Amino acid sequence: MDLFDLIHSKVGCLMLSDIKFEPYRSCACEKLKTINLADYPLSQLQDLAQYLFDEKVIFSDYSEVNEYFSKKIK
């Protein structure tokens, strides 16, 4: 299961595209706290960051991933 599908299933919204909008986005962010992001390719994490936060980011390693998401998800 890819990261988008996992988030979609955990949030429970009807359409995957709903995770971009409230209240699903907040729920998606909370669910991200429970996921080991190192289990997913950097490219999926970049896509998720762009989709949820409308920011194009490029991660070179998982420490950058953790730093980015920890700042975005408080």
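Read-outs throughout are calculated quantities, based only on the coordinates presented, and are distinct from any laboratory measurement. Values in this document were obtained by computation on a predicted structure and should not be read as measured data. Cβ sites come from the backbone with ideal geometry, for glycine too, and all protein chains shown count toward neighbours.
Some notes on this structure:
- Derived scalar couplings ³J(HN,Hα) [the stretch 17-22; Karplus, 6.51 cos²θ - 1.76 cosθ + 1.60; whole Hz; x for Gly, Pro]: 5, 5, 5, 7, 10, 6
- In the stretch 4-45, trypsin sites (Lys or Arg not before Pro) in a DSSP loop with at most 15 other beta-carbon atoms within 10 Å: LYS33
- In a DSSP loop and with at most 11 other Cβ atoms within 10 Å, the GluC sites (Glu not before Pro) in the stretch 1-64 are GLU55.
- The residues packed around VAL57, meaning those with a beta-carbon under 13 Å from its beta-carbon, carry a net charge of -3 if Lys and Arg are +1 and Asp and Glu are -1.
- Summing +1 for each Lys or Arg and -1 for each Asp or Glu among the other residues whose beta-carbon sits under 14 angstrom from that of TYR68 gives -1.
- Hydrodynamic radius by Kirkwood, which averages 1/r over all alpha carbon pairs of the stretch 3-72, in angstrom: 12.1
- Local electrostatic count at SER17 - Lys and Arg +1, Asp and Glu -1, tallied over other residues with Cβ under 14 Å: -3
- Taking all Cα pairs closer than 8 Å and separated by 6 or more residues, the relative contact order of the chain comes to 27 percent.
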